[in-house]
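Each remark here refers to the structure printed beneath this line.
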Amino acid sequence: MPDIRRHITRDVPVAHVAQTPDQVIAGLRGTNHHGVGTVIVIEGGDRLLGQVRLAEIFAAAGSPLSLDRFVQAPPVTIGPDTDQEDAASTAIREPLVSLPVVNAEGRFPGAMPPHAIMQVLRKEHVEDLHHLAGIWRHTEDAQRALTEPPVVRMRHRLPWLMIGLAGSMVATQVVSGFEATLERHVALAFFIPLIVYLADAVGTQTEAIAVRGLSLTTGGLRRVLLGELGTGLLIGFCLAPAAAGFELLMFGQPGLATVLGASILATCAIATTIGLMLPWAFARIGWDPALSSGPIASVIQDVLSLLIYFLIASAVLG
């Protein structure tokens with residue numbers, strides 16, 4: 001993943017700790033810096049000391065006191081090798097207008113300005129949208145993505161679809177493994193699309209939240225996981241009675257209604273868990289969490305939902 005080195009600029013308001021507010025104001029006249037909401041305060045050897053809000057400096061105009069009476073430690077600093085997506089997420093979470101950078105020697109080489117933060121956020125957002133759609137490589141310009149030659153577009157999309165095809169073959173094997181159960185209870189086949197759809201839909205909702213939310217949340221994984229698991233169960237409790245009632249109206253088989261309700265409840269809980277844990281696992285190994293969404297998550301959710309459906313059917317219906 002690219003770091004922030006190319007985004008670092010010294011074109012931000014910087015002042016020495018020994019300067020007075022009037023000296024800082026005089027130095028800022030005629031300049032057009034990035035991120036003028038705060039002034040970075042340094043001491044000898046370009047060592048970062050902290051920052052002062054520009055409003056405080058103007059309020060202290062005329063005071064003989066130096067900046068060391070006003071300076072505050074920055075809420076957060078980043079290193080030059082920080083991943084650009086992590087840096088942009090940090091700026092949102094704090095929130096900060098610009099991000100001060102400190103190198104390994106403790107010196108201040110510059111800051112990541114507001115426009116760079118916005119550029120990174122946009123780039124990562126577009127990239128995530130492509131990954132969610134199962135497109136292998138993202139295109140910087142959305143218009144160019146629609147005007148590229150068909151062969152190029154195919155090359156960007158095909159890899160994930162091949163994974164999806166392989167997963168569909170596994171799902172076919174799962175269904176064929178319960179051929180005897182299907183022969184005895186043909187109506188089970190009618191609800192396969194419903195089970196698969198709910199697994200995909202519920203999982204996709206969780207993935208869309210998890211892909212970016214995991215980098216912004218301050219809660220631990222256990223808390224977030226329990227929250228999503230609870231959400232999945234609540235969704236299942238709402239959908240299961242509706243599906244079971246529909247089955248009773250259509251076929252009048254209480255056993256099948258029980259299978260359908262239990263399968264939906266289990267599927268919704270597992271889909272939310274997968275939708276959260278896959279992005280988390282990808283982030284832990286240094287991959288973009290968005291890569292786990294789309295076809296990869298769909299394949300796992302489809303296979304597991306079908307397996308759960310037929311295992312419950314075998315246990316309840318025989």
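The values are calculated or read from the model by the stated rules, or taken from the named source; none is laboratory data. The model shown is predicted, which means the values in this text are computed figures rather than measured ones. We place every Cβ from the backbone using ideal geometry, glycine too, and count neighbours over all the protein chains shown.
Go through (1) closer than 20 Å to ARG107 by Cβ; (2) assigned to a loop (DSSP other than H, G, I, E, B) one by one and return the number of the condition PRO64 breaks.
Here PRO64 meets the rest and fails (1).
Among ALA269, ALA281, ALA313, ALA257, which is the only one that is of a type in the set (A, V, I, L, M), surrounded by 19 or more Cβ atoms within 10 Å (Cβ to Cβ), touching a helix residue (DSSP H, G or I) at 6+ places or on another chain (Cβ under 8 Å) and more than 20 Å from VAL175 (Cα to Cα)?
Just a single option satisfies the conditions, and that option is ALA269.
Please identify the pairs in which a residue from the range 170-181 that is touching a residue at least 60 places away in the same chain (Cβ under 8 Å) and in the same structural domain as VAL196 (by TED's automatic domain parsing) has its Cβ atom under 9 Å from the Cβ atom of a residue that is of a type in the set (Val, Ile, Thr) and part of a helix (DSSP H, G or I), counting only partners at least 6 apart or on another chain.
Note: pairs meeting the criteria are VAL170/VAL299; VAL170/VAL303; ALA171/VAL196; ALA171/VAL299; ALA171/VAL303; VAL174/VAL303; VAL175/ILE192.
For the range 19-50: of the residues being on the phi > 0 side of the Ramachandran plot and surrounded by fewer than 18 Cβ atoms within 10 Å (Cβ to Cβ), which is modelled with the highest pLDDT?
Among them, the one singled out is ASP46.
Only one of these is more than 28 Å from GLY318 (Cβ to Cβ), out of contact with any strand residue (DSSP E or B) (no Cβ under 7 Å at 6 or more places or on another chain), surrounded by 12 or more Cβ atoms within 10 Å (Cβ to Cβ) and at pLDDT 85 or above: LEU132, LEU165, LEU161. Name it.
It is LEU165.
Please go through the range 263-301 and pick out each residue that is modelled with pLDDT of 85 or more and either over 22 Å from the mean Cα position of the chain (by Cα) or not in a helix (DSSP H, G or I) (or both).
Passing the criteria: SER263, ILE264, LEU265, ALA266, THR267.
Among helices (runs of 4 or more DSSP H) lying entirely in the range 153-261, which contain 3 or more residues that are more than 17 Å from GLY275 (Cα to Cα) and aliphatic (A, V, I, L, M)?
Hits in the range 153-261: 221-250.
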